[in-house]
Amino acid sequence: MSSFYPILKRELKGYFATPVAYVFIVIFLFINALFTFQLGRFFEMNQATLTGFFMWHPWLYLFLIPAVSMRLWAEERKSGTIELLLTQPVTLAAAVLAKFLAAWAFIAIALILTLPIVFTVAWLGDPDLGVVFVSYVGSFLMAGAFLSIGIFTSALSKDQAVSFIISLVISLIFVLAGFDVIIDFFSAWAPEWLLAAVSSMGFLTHHMSIMKGIVSFQDVLFYLSLTAGWLTACGFVLEAKKAQ
Amino acid sequence: MFKNAYLLTVLLFTAAIVLAVNLIGSITLSGVKFDMTEESLYSLSEGSENIVRNLEDHVTAELFYSKTAASKIPALKNYAEQVISLLKEYESASKGQFTLDIINPRPDTEEEEMAMRNGLQAISLGMEEDIYLGLILRSDLGAEEVIPVFDPNQESTLEYDVSKLIYSIGVSEKPTVGILSSLEVMGAQTPQNPMMPPQQQQEPWVFVQQLQNNFDVVSVDQDATELPEDMDLLVIIHPKAISDGLLYEIDQFTLRGGKTLVFVDANSDMEQMNMGQMNIQMSMQANYSSDLPKLMDQWGVEMVKGAGSASFGGMGGGGDSPQIVGDNALGATVGGPGGRTMQMPIYLELREEERNADEIITNGLELFHMISSGGLRKKADAPADYEYAPLLTTTDGAGTVDGMMVKISRGNPKMLSEELNKGDKQFTLAYKITGKFKTAFPDGRPAPEAEEGAEPAKAEADPDFIAEAEEETTVIVVADVDMISDQYSVRKMNFFGQTVANLINDNLRFLSNAIENLSGSQDLIALRSRGKSRRTLEYIEEIEQAAARKFRDEEKRLEDELQETRQKLSELQRGKSDTVLTPDMLAEIEKFRDEQAETQRKLRQVRRELREDKEALVWKVKLANMVVLPFIVAILGFAVFIYSHNRRRKLS
């Protein structure tokens, strides 16, 4: 575990050494505000809540997080540095975890930079700050789950574009699983228990529940177990590739 | 190939573990959650939990919710989700005695017909589909209760409304309410005095007629020696000279968990009116107050009494009689001499600020009238473990006046007003008191009053005597009797031969809320109203309201100007034949038209400017969040990037 922190540090620093990170954050902030105020019709709704802000996060993460995660292993493999990394005295698990946490921290920074929207709403009205806090935590946990999918697909291919596409598709399945439009559509023929099971694996189901201001262990467990599952899978894939 | 098969197996295994963990989690942890909302919107209070847990029969709740149609109206959808999650809380707290079905009544379906047949109320918002958001409760014994529509405006009493319904479906009989009154609230049923000319048959007071719809109402005579059996609630109105024997019965009734609602008064207009004409001396000496000191003492409250006001202190009355509360800030408008209107400071007109919004009984009510009301005071030695909730209060600039003073100055609010100018206290006009009360008769049943000349009778020992209540109970004391009289609560109208009583204020709603609340279980009484979860953009609303005000003022000013011109025009016209227009009239008409057009133009401009105020704010907010902030991050990023790029180049 001795090289866990160096990797974490190197990775996190790496984000801010290239313009990519800033471009990502700028796009994230812009689209967030655009969706909240324009698509979410914030002023027309006349509600001092941040529901119209958080509700877009799954859809934003769907595209933005694969863009962040696609290079994580793919780049190392393309440039051959993966051999270097894995020959260092470091366990595979530590390397996966360090890369994941660095990326997660980066997302956290992007999320923190959205706080001015909260200040805006607090200035215009009296939002329930407990709900806002819980929603942030929920959004952050969900971002971790998205990220773990991206890291997994990044380990699959040398090609970043391929990684991006696969990650997008897998994430989309998880988003749609909890999308009530989809669930309503299938409700005509699928048995109820199946629908319930599928929607319980959907990001939107858990996100909506947390956005109300309720922290349930079930939601937290869902995100954490999913993240752990994908990271483990990533480790297995790398292990298999290393042996080849 | 072997490698890939191995990898696939491992991956599938991982997926299986994740699924299993979630499945187990959903079974074992489904109830573990923390409600982080400010008002605990999604949690049941203890009272509701008790009610649903103690259900004797299984109750099925059918929530009719037009999910499809409501999804287009966010405010309604949010509220519906809150209702659903609250009902689910009941379901999970009930341990299987309460089940919830959610039904989406689409148009022209059997479900919609069912909703209509059961009296649910459709919300029509001019869309293709009507929206239903109502609840039907059915118990296994066949009882049925309905909430026709959940109104988002009544959000603060949502939990109470549902709990009340669940409670009442478990209660098969109408609760019995006893009324003990020195006034003829039940109508003239008492035998008439043969010495007096026969009176017209009197109808019961309107509130009694209303109560009879939902309760079994029984009358309790003032000289009764015992209370009716199976009485759930006793209403005492204007108690005068109640015998110790009856007081003892009432005392024991409350200690056994009976609920009591008491109306006392410092000066009852109703009693005074019933007395009819009297000579001045008699009327000066008459005492129209009522009190229940023996029992109220035990509850830890008392009427505000005093030696009379400074200027009239020495005159009659005074002494120990209850004082009348007056408040210059709350005086109702009455007709004065010469058709002028005046503020009568002892006719209190209470509004939202003077009622307790946390209490179910007063929440949502807006207007109360209390006529020469007394004041209530928590006694200095009131037990600390009783809970005192003021229901109605004055402002903190109220004072008291003596009954004598009121008699002298009747019809002269100015005198009272001056007297009350010194007022600097807040008085409670109605108290709700909850606690494990103690008896006012520590020696047990009092001896019956002996008739003159006879031996004092011995007290009969009461085998069921209770000295202290085991369970908490609640009493409500109100310091005005007139407020529930027809005179000050309804306007009666003749509608095709039928008398219809229209409420003129919330006095009777207050009374029926109190009775409904008290007749429920102690769990129901303990429920509080909740704050509103609906939050609006107040700052924007303020701007809009200010703009609307400004527009109205401006409109009025311009209208006034226009009116002036119009007047000039009509003055010119006066005395002239209406066919001939003189040149100066023509000029004036021209001027009027111009001014009218100008006014319209100015008003349009004002409206545009005011709208622009709000639009400018909205635009600024959007600009700051969408452009300025990302731009700052971009600049910052660019600077850091250039800096680190240069440093790296230098290093290399």
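The values are calculated or read from the model by the stated rules, or taken from the named source; none is laboratory data. The model shown is predicted, which means the values in this text are computed figures rather than measured ones. Cβ atoms come from the backbone with ideal geometry, glycine included; neighbour counts cover every protein chain shown.
Some notes on this structure:
- When the criteria are applied in full, residue B:569 meets the requirement of being modelled with pLDDT under 80 and more than 52 Å from the chain's Cα centre (by Cα).
- Selected residue (criterion: nearest to the other protein chains (Cβ to nearest Cβ)) from residues of the range A:195-243 that are buried (at least 18 other Cβ atoms within 10 Å of the Cβ), in contact with a strand residue (DSSP E or B) (Cβ under 9 Å, 6 or more places away or on another chain) and assigned to a helix (DSSP H, G or I): A:218
- Residue check, residue B:388 surrounded by fewer than 23 Cβ atoms within 10 Å (Cβ to Cβ) and hydroxyl-bearing (Ser, Thr, Tyr): yes
- Lone unmet requirement of (1) more than 21 Å from residue B:178 (Cβ to Cβ); (2) acidic (Asp, Glu); (3) modelled with pLDDT of 75 or more for residue B:455: (3)
- The single condition from (1) in contact with a strand residue (DSSP E or B) (Cβ under 7 Å, 6 or more places away or on another chain); (2) surrounded by fewer than 17 Cβ atoms within 10 Å (Cβ to Cβ); (3) farther than 26 Å from residue B:232 by Cβ; (4) at pLDDT 80 or above that residue B:443 fails is (1).
- Strands (runs of 3 or more DSSP E) wholly inside the range B:115-182 that include at least 2 residues being among the hydroxyl-bearing types (Ser, Thr, Tyr) and either in contact with a strand residue (DSSP E or B) (Cβ under 7 Å, 6 or more places away or on another chain) or not assigned by TED's automatic domain parsing to the domain that holds residue B:513 (or both): B:131-139, B:176-181
- Being modelled with pLDDT of 85 or more and touching an Asp or Glu at 6+ places or on another chain (Cβ under 7 Å) holds for only one residue in B:158, B:227, B:246, B:211, and it is B:227.
- Each residue in the range B:390-404 was checked for being in contact with a Ser or Thr (Cβ under 8 Å, 6 or more places away or on another chain) and part of a strand (DSSP E or B), and 6 pass.
- Of all residues in the range B:337-357 being charged (D, E, K, R) and surrounded by 14 or more Cβ atoms within 10 Å (Cβ to Cβ), the one that is nearest to residue B:471 (Cα to Cα): B:355
- Helices (runs of 4 or more DSSP H) completely within the range A:14-121 that count 3 or more residues being closer than 19 Å to residue A:235 by Cβ and out of contact with any Lys or Arg (no Cβ under 7 Å at 6 or more places or on another chain): A:71-79, A:81-87, A:92-112
- Every condition in (1) in contact (Cβ under 8 Å) with a residue 12 or more places away in the chain; (2) more than 10 Å from chain B (Cβ to nearest Cβ); (3) not in a helix (DSSP H, G or I) is met by residue A:150 except one, and the failing one is (3).
- Residue in the range B:285-297 that is modelled with pLDDT of 85 or more, surrounded by fewer than 20 Cβ atoms within 10 Å (Cβ to Cβ) and in contact with a helix residue (DSSP H, G or I) (Cβ under 8 Å, 6 or more places away or on another chain) present: yes
- Residue satisfying condition, being under 30 Å from residue B:535 (Cβ atoms), surrounded by fewer than 18 Cβ atoms within 10 Å (Cβ to Cβ) and without any contact (Cβ under 8 Å) to a residue 24 or more places away in the chain, within set A:184, A:180: A:184
- Test: residue in the range B:349-359 that is at pLDDT 85 or above, of a type in the set (S, T, N, Q), in the same structural domain as residue B:505 (by TED's automatic domain parsing) and touching a helix residue (DSSP H, G or I) at 6+ places or on another chain (Cβ under 7 Å): no
- Within the range B:228-239, residues that are over 10 Å from residue B:253 (Cα atoms) have Cβ atoms under 6 Å from residues that are of a type in the set (Gly, Ala, Ser) in these pairs: B:228/B:178; B:237/B:181; B:238/B:182; B:238/B:268; B:238/B:290; B:239/B:290, counting only partners at least 6 apart in sequence or on another chain.
- Taking the range B:631-652 as the range and being of a type in the set (Gly, Ala, Ser) and either surrounded by 14 or more Cβ atoms within 10 Å (Cβ to Cβ) or over 30 Å from residue A:106 (Cβ atoms) (or both) as the test, the residues that pass are B:634, B:637, B:644.
- Any hit, the range A:36-48, residues being at the interface with chain B (Cβ under 8 Å from one of its Cβ atoms), within 17 Å of residue A:68 (Cβ to Cβ) and either surrounded by 18 or more Cβ atoms within 10 Å (Cβ to Cβ) or basic (Lys, Arg) (or both): no
- Qualifying residue in the range A:116-127 (condition: of a type in the set (Gly, Ala, Ser), touching a Leu at 6+ places or on another chain (Cβ under 9 Å), in contact (Cβ under 8 Å) with a residue 12 or more places away in the chain and away from chain B (no Cβ under 14 Å)): no
- Verdict on residue A:131 being facing chain B (nearest Cβ under 10 Å) and part of a helix (DSSP H, G or I): yes
- Of all the listed residues (B:61, B:93, B:69), the sole one being assigned by TED's automatic domain parsing to the domain that holds residue B:131, of a type in the set (Gly, Ala, Ser) and at pLDDT 90 or above is B:61.
- Inspection of the range B:614-630 finds a residue satisfying the criterion of being closer than 17 Å to residue B:547 by Cα, exposed (fewer than 13 other Cβ atoms within 10 Å of the Cβ) and not β-branched (Val, Ile, Thr).
- Listed by position, the strands (runs of 3 or more DSSP E) contained in the range B:1-111 that have at least 3 residues being in contact with a helix residue (DSSP H, G or I) (Cβ under 9 Å, 6 or more places away or on another chain) and either away from every other protein chain (no Cβ under 14 Å) or surrounded by fewer than 14 Cβ atoms within 10 Å (Cβ to Cβ) (or both) are B:59-65, B:98-103.
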